[in-house]
Amino acid sequence: MEVIASMLRVATPLLFAALGGMVSERAGVVNIALEGMMLIGAFAGAAVAYTTQSPWLGAGAAMLAGVFIAAFYGLIVIQLRANQIIGGTAINMLAAGLTPFLSKIFFDVTGNTPSLPMEARFQYAPMIAAWVLVIGAWFWLKYTPSGTWVRFAGEKPEALESAGVRVNRVRWISVLISGCLAGLGGASLSIFLASSFSRNMTAGRGFMALAALIFGRWMPIPTAIACLLFGFADAAQIRLQGVVLWGAEPVPVQFIQILPYLATILVLAGFVGQSRAPKSLGLPFKKG
Amino acid sequence: MKFLERIQPLIAVIVGLALGLLITQFAGESPWHVLKVLAGSAFGSRYDIGMTLFYATPLIFTGLAVAIPFHAGLFNIGAEGQLTLGALAAAAVGIWFPNAPWPLAPLFAGLAAFSAGALWAAIPGWLRARRGSHEVITTIMLNFVAAGVASYATLYLLKNPDSQNPETMAVGAGYLLEHIKFFGDAPVNSALFLALIAAALVGVFLWRTVGGFQLRAVGQGEQAAKTAGIDPGKMRILAMCLAGGMAGLVGVAEVLGNATRFKLGFSPDYGFIGIAVALLGRNKPLGVIAAAVLFGALHKGTIDLDLETENVTRDLSLILQALIIVTVSADGLWSWMRKAKTNGGTL
């Protein structure tokens with residue numbers, strides 16, 4: 001029971017980020033910038049939650065910060081047509097540098113925000129919100145017109161454009177939503193799982209969300225299940241640190257740590273199931 | 001090549017730097033002062049230049065590790081994992097055979113580092129060539145797997161019993177590379193020459209040999225290459241192996257030239273900065289060397305910001321790098337500038 005509870009908690013930031021990544025990737029924009037978007041969100045969330053003593057305002061700030069950095073990403077890769085992998089790398093570096101820079105300005109400490117009291121943190125809300133979002137995303141992509149536009153922007157952008165919908169506008173909005181959700185994912189790290197922002201606190205969770213998204217074949221429900229599995233590996237890994245299960249040596253948790261990534265590679269290689277990316281993923285759209 | 005295109009990277013660097021320095025204004029610093037600290041700390045003395053070159057050495061390797069696959073139409077963001085395993089392999093050889101004599105010892109350790117990186121990179125190469133898995137995703141994932149493997153090996157197999165730090169035992173004395181005396185106490189070592197030679201060899205291979213021509217042909221058009229009888233899969237695997245080998249050689253610079261052992265997390269993201277280095281250097285060996293020195297200088301220069309300014313820390317280097325990447329890679333920005341020029345408009 002306890003393991004399940006901690007699995008659900010640990011999976012929460014992954015869920016938000018993976019859903020965010022899904023929206024942008026289904027629209028055709030690769031998002032390896034999830035890591036940086038989460039980091040910015042984690043910082044903004046903790047900073048505002050501390051200043052206002054309200055987790056809700058913190059979450060709002062995290063969403064705004066995510067949208068802001070996503071707008072910068074959109075500017076680079078949609079408007080200026082930079083390579084999406086390179087643009088994503090730049091965003092991740094920018095976030096890693098900007099967060100300690102800002103914490104130094106606002107709180108006079110490099111890399112951390114002050115510790116949050118219980119009242120300024122979330123107890124359950126993000127966990128519930130994440131699952132509501134999973135269902136919402138599934139319904140939205142499958143049954144609503146705007147969800148269909150997103151799917152077409154990633155699969156057949158030309159068809160969408162000739163149907164009178166501006167592809168780049170759809171992509172823009174998708175990237176902004178992506179940043180908003182990833183920011184929320186970051187905030188659920190800093191004001192839900194932990195009680196402050198610390199330097200580079202995402203520690204690869206943005207990439208793990210990306211892995212979950214690919215493992216879940218770019219679909220909401222399977223992606224959510226992947227987040228749970230990866231969250232379980234993460235929770236188990238923390239729990240088993242230094243524990244002796246058999247023999248005299250403690251369990252090498254490194255092998256549990258790498259499982260999600262190995263599983264993703266196997267799925268991507270088609271050894272276990274098959275994972276197919278949206279057809280126009282990564283290709284800038286330029287009106288002919 | 002038109003003049004504007006030729007100097008494009010230079011303009012991009014200047015614009016990126018200027019933007020980054022302007023940000024320091026918000027932290028209550030004078031951008032001009034920050035620039036002076038940066039330049040002074042990167043090039044102010046022989047020692048400073050030595051430190052800049054020390055940081056530039058691994059960046060030459062990782063820049064090449066991104067540049068080679070680029071010519072085969074591949075994006076290697078796995079240099080971080082490849083260099084981790086290369087460094088680990090160099091350390092392992094040095095620990096298992098501590099009495100090997102110089103110069104055989106570093107040669108073998110170097111070979112081990114190259115091979116470990118190459119083998120690790122062969123995995124995404126093979127997956128791409130034979131299974132169609134996108135190398136961007138597989139290399140990202142393999143970075144994490146490499147980190148896990150290195151952490152296990154360091155903590156369980158090769159652990160230094162005399163230290164609390166996550167590091168391996170030291171390699172034998174015969175393995176160590178000499179520091180270049182000219183630069184005083186800076187740990188820049190003969191691996192710098194290895195990096196320059198590697199860059200030259202990569203240039204010769206890519207532009208002066210049949211293999212290199214075939215590799216680039218695959219990058220320029222898979223269909224045409226196939227028609228000409230080239231196996232694109234084979235070329236892609238080859239490109240990744242060479243790239244991984246280059247990244248692995250970072251182990252020579254770090255383990256044999258500096259730390260004498262493998263330390264977990266020794267790399268300040270050399271692998272990712274390699275992407276920026278290759279991009280700025282336009283994937284050419286000389287360009288990679290120049291870009292590596294620039295990024296090495298940024299790294300060294302910003303370290304002194306911690307002491308020399310009130311509010312700006314070394315984290316500025318990440319911001320500057322990110323902005324330079326953006327200004328270099330924003331394709332639309334340049335076509336917009338060119339259009340403005342041909343239309344007779346002002347920039």
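Quick notes on this one:
- Residue in the stretch A:188-200 that is at pLDDT 90 or above, part of a loop (DSSP other than H, G, I, E, B) and hydrophobic (A, V, I, L, M, F, W, C) present: yes
- Subset tally (residues that are crowded, with 19+ Cβ neighbours inside 10 Å and either closer than 15 Å to B:LEU305 by Cβ or touching a strand residue (DSSP E or B) at 6+ places or on another chain (Cβ under 8 Å) (or both)) for the stretch B:1-28: 5
- Residue count for the stretch B:76-106 under the criterion of being of a type outside the set (A, V, I, L, M) and in a loop (DSSP other than H, G, I, E, B): the result is 8.
- From A:THR223, A:THR202, A:THR264, residue being out of contact with any Ser or Thr (no Cβ under 6 Å at 6 or more places or on another chain), within 12 Å of chain B (Cβ to nearest Cβ), touching a residue at least 24 places away in the same chain (Cβ under 8 Å) and buried (at least 18 other Cβ atoms within 10 Å of the Cβ): A:THR264
- Residue within the stretch B:138-153 that is outside any helix (DSSP H, G or I), within 14 Å of chain A (Cβ to nearest Cβ) and modelled with pLDDT under 95 present: no
- Contact map, the stretch B:280-295: residues that are in contact (Cβ under 8 Å) with a residue 12 or more places away in the chain and within 14 Å of B:THR57 (Cβ to Cβ) paired with residues that are surrounded by 21 or more Cβ atoms within 10 Å (Cβ to Cβ) and of a type in the set (Phe, Trp, Tyr), Cβ distance under 8 Å, separation 6+ or inter-chain. Pairs shown: B:PHE295/B:TYR55.
- Checked against the criterion of being assigned to a helix (DSSP H, G or I) and of a type outside the set (Asp, Glu), the candidates A:ALA59, A:ALA82 yield just one match: A:ALA59.
- Sole residue being small (Gly, Ala, Ser) and modelled with pLDDT under 90, chosen from B:ALA18, B:ALA27: B:ALA27
- Subset of the stretch B:201-236 that is touching a residue at least 12 places away in the same chain (Cβ under 8 Å), β-branched (Val, Ile, Thr) and within 25 Å of B:PHE61 (Cβ to Cβ) - its residue that is surrounded by the fewest Cβ atoms within 10 Å (Cβ to Cβ): B:VAL202
- Checking B:GLY73 against (1) outside any loop (DSSP other than H, G, I, E, B); (2) closer than 28 Å to B:MET141 by Cβ, the condition it does not meet: (1)
- A:VAL23 of a type in the set (Val, Ile, Thr), buried (at least 24 other Cβ atoms within 10 Å of the Cβ) and free of Cβ contacts under 8 Å to residues at least 60 places away in the same chain: no
- Residue within the stretch B:291-302 that is modelled with pLDDT of 90 or more and not in a helix (DSSP H, G or I) present: no
- In the stretch A:92-119, residue farthest from B:PHE70 (Cα to Cα) [restricted to those that are of a type in the set (Val, Ile, Thr) and facing chain B (nearest Cβ under 7 Å)]: A:ILE105
- You will find that of B:ALA65, B:ALA105, B:ALA87, the residue that is crowded, with 23+ Cβ neighbours inside 10 Å, more than 14 Å from chain A (Cβ to nearest Cβ), touching a Phe, Trp or Tyr at 6+ places or on another chain (Cβ under 9 Å) and in contact (Cβ under 8 Å) with a residue 24 or more places away in the chain is B:ALA87 and no other.
- Number of the exception - A:GLY87 against (1) away from every other protein chain (no Cβ under 14 Å); (2) small (Gly, Ala, Ser); (3) buried (at least 24 other Cβ atoms within 10 Å of the Cβ): (1)
- Flag if A:GLY242 is surrounded by fewer than 19 Cβ atoms within 10 Å (Cβ to Cβ) and within 14 Å of another protein chain (Cβ to nearest Cβ): yes
The values are calculated or read from the model by the stated rules, or taken from the named source; none is laboratory data. Being a predicted model, the structure only gives us computed values, none of them experimental. Positions of Cβ are backbone-derived with ideal geometry, glycine not excepted, and every protein chain shown enters the neighbour counts.
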